[in-house]
Structures are given as structure tokens and as C-alpha cells.
Amino acid sequence: MELLYVDACPRGDASRTKALAEALLKALLREHPGLTVNRHVLAEMGLRDMNARRLTEKESLCDRAAWADPMLRAGAEFRRADAVLIAAPYWDLSFPSVLKTWVENIWVRGLTFVYREDRPVGLARGKAAVYVTTAGSHMAGHDWGTLYMEDVLKTLGIRDFRAVRAEALDLDSSDPDAILAEAARDADDAGRWLARQLKEV
């Protein structure tokens with residue numbers, strides 16, 4: 001079985017979001033030690049935004065079902081995964097732009113979704129996903145990144161979704177260590193939850 005771990009944390013190992021995702025992964029592997037982890041470190045993948053030329057090329061590949069083409073790698077590996085873990089900090093009410101670029105690259109007609117009765121129907125193999133995010137401020141009900149990723153993943157066929165959040169980490173009135181400790185407990189629980197979902201695949 002395979003987990004797709006999408007690392008959209010520009011600060012790398014200094015990222016608090018990534019630290020929580022790694023805690024979740026540790027809990028998941030403790031429950032599911034034989035799990036294969038496929039890491040998409042977005043800062044290193046060289047994914048490109050879609051433009052008119054690339055969209056035309058992508059549509060041609062879809063028409064020919066050329067799923068092995070390097071341009072469709074992200075979509076093929078998303079389709080193959082049994083579960084998905086995404087780590088992305090809360091930036092500008094959502095997430096870093098590199099994650100939107102990844103979404104554009106996994107949205108592949110005929111591979112990750114098809115149109116039926118003029119609506120997209122997901123083809124993803126994965127049955128569950130967890131989205132991990134942290135914020136220096138309060139999100140105050142404006143966590144559009146989590147809502148967006150939940151809609152994207154469910155549209156592409158992921159049935160169950162869960163989020164792990166830590167917010168207000170940089171406020172003078174906050175205790176960031178206590179906030180992160182609580183979030184780490186939630187991440188551990190989410191890792192065990194994801195392991196249970198995988199056992200049902």
C-alpha cells in the first residue's frame with residue numbers, strides 16, 4: 001500500500017507545518033509499518049503552472065491516454081496512492097502557490113477524473129486524506145486552503161478527509177509550545193485514523 005505525502009512547505013525542515021506532518025507520519029507508520037511513502041517535495045519537483053501551450057499539450061496526452069508521459073507524473077502517482085497526506089502552511093488565507101500548481105498537475109482528464117453527465121467524477125484510488133496546516137495568526141474562520149483542498153480531493157474521488165491545524169502561533173498572547181503540543185496530539189490521532197482507513201481499502 002502507498003501513501004502520497006505532498007510537502008508544500010517552503011521552509012523545509014524549519015517548517016512547523018512539516019513537523020506536525022512528520023509526527024502524523026510517524027504515528028501512521030507505527031500502525032502500518034509496511035506502508036510505502038511516496039514524497040512529493042514540491043520545492044524540488046519542478047512542476048510548472050498551466051498556460052495555453054501546456055494545456056493544449058496536456059489535453060493531447062489525455063486524448064491519447066499517454067499516462068506514462070512525464071508531464072502527467074503527478075497525476076499518475078496521485079491516482080495510484082491509497083491515501084494522501086498534504087502539509088502546507090497557512091499563507092494569505094490559503095497556502096503557498098506551489099500547492100495550486102500541484103493541483104493543476106494532478107487534475108488529469110481520464111486519469112484522475114472523467115466527465116459524466118457534464119460533471120467531473122473522481123477516479124482516485126485513495127480512500128482518505130489528511131491536510132496539515134499552521135498559522136502565525138488566528139484563521140478566524142477563513143481557512144480557505146483547507147476547504148479548497150477538501151473539495152479538490154473529494155471531487156477527484158477521495159472519500160474521507162481530515163484536517164490538523166495549529167493557529168495563532170506568533171501572537172504575543174499565545175503559548176506556541178502548548179499550541180503545537182496539542183496539535184501534535186491531534187496529528188498522532190490523525191495518523192492512527194489514517195491507518196484505520198488504509199486497513200479498510
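The values are calculated or read from the model by the stated rules, or taken from the named source; none is laboratory data. Keep in mind it's a predicted model, so treat the numbers as computed, not measured. FYI the Cβ positions are ideal-geometry reconstructions off the backbone, even for glycines, and counts take in every protein chain you see. Only protein heavy atoms, including side chains, enter the accessible area calculation; ligands, DNA and RNA are left aside. Shrake-Rupley method; radii C 1.70, N 1.55, O 1.52, S 1.80 Å.
At a glance:
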| item | result |
| --- | --- |
| Pairwise centroid distance, computed over Cα atoms, of the range 97-165 with the range 18-95, Å | 11 |
| Pairs of Lys in the chain closer than 29 Å at Cα, counting only those 8 or more apart or on different chains | 17 |
| Solvent accessible area, Å² - GLU44, 1.4 Å probe, full protein context | 150 |
| Residue-normalised accessible area of the chain, given per residue in Å² at a 1.4 Å probe | 49 |
| Sequence of SER173, SER137, SER15 from largest to smallest accessible area, 1.4 Å probe | SER173, SER137, SER15 |
| Cα-centre dipole for the chain with unit charges at Cβ (Lys and Arg positive, Asp and Glu negative), debye to 20 | 860 |
| Rounded to 5, percent antiparallel among DSSP beta bridges of the range 1-158 | 20 |
| Within the accessible area of the chain (1.4 Å probe), percent carbon and sulfur | 49 |
| Pairs of Cα atoms farther than 27 Å apart, the range 1-130, % | 22 |
| Dipole magnitude of the range 51-143 about its Cα centre (Cβ charges: Lys, Arg +1; Asp, Glu -1), debye to nearest 20 | 260 |
| Cα-based shape type of the range 65-201, given that a ≥ b ≥ c are square roots of the gyration tensor eigenvalues and the cut on a/c is 1.5 | prolate |
| Summed residue charge, Cβ within 15 Å of ALA140's Cβ, Lys/Arg positive, Asp/Glu negative | -3 |
| Heavy-atom SASA rank of ASP188, ASP92 (probe 1.4 Å, accessible area, largest first) | ASP92, ASP188 |
| Probe 1.4 Å - accessible area at CYS62, Å² to nearest ten | 10 |
| Largest to smallest accessible area among ASP118, ASP170, ASP82 [probe 1.4 Å] | ASP118, ASP170, ASP82 |
| For VAL41, residues with placed amide H under 5 Å, excluding near neighbours | ASP7 |
| Positive dipole terminus of the chain, leading residue within ALA140, PHE113, LEU29 (C-beta point charges) | PHE113 |
| Residue of ARG53, ARG39, ARG125 that the Gaussian network model of the chain assigns the largest fluctuation, springs spanning Cα pairs under 10 Å | ARG53 |
| Positive-pole candidate from PRO176, GLY46, LEU156, dipole of the chain, charges at beta carbon | LEU156 |
| Only Lys, Arg (+1) and Asp, Glu (-1) charged, at Cβ; the range 1-92 dipole about Cα centre in debye | 80 |
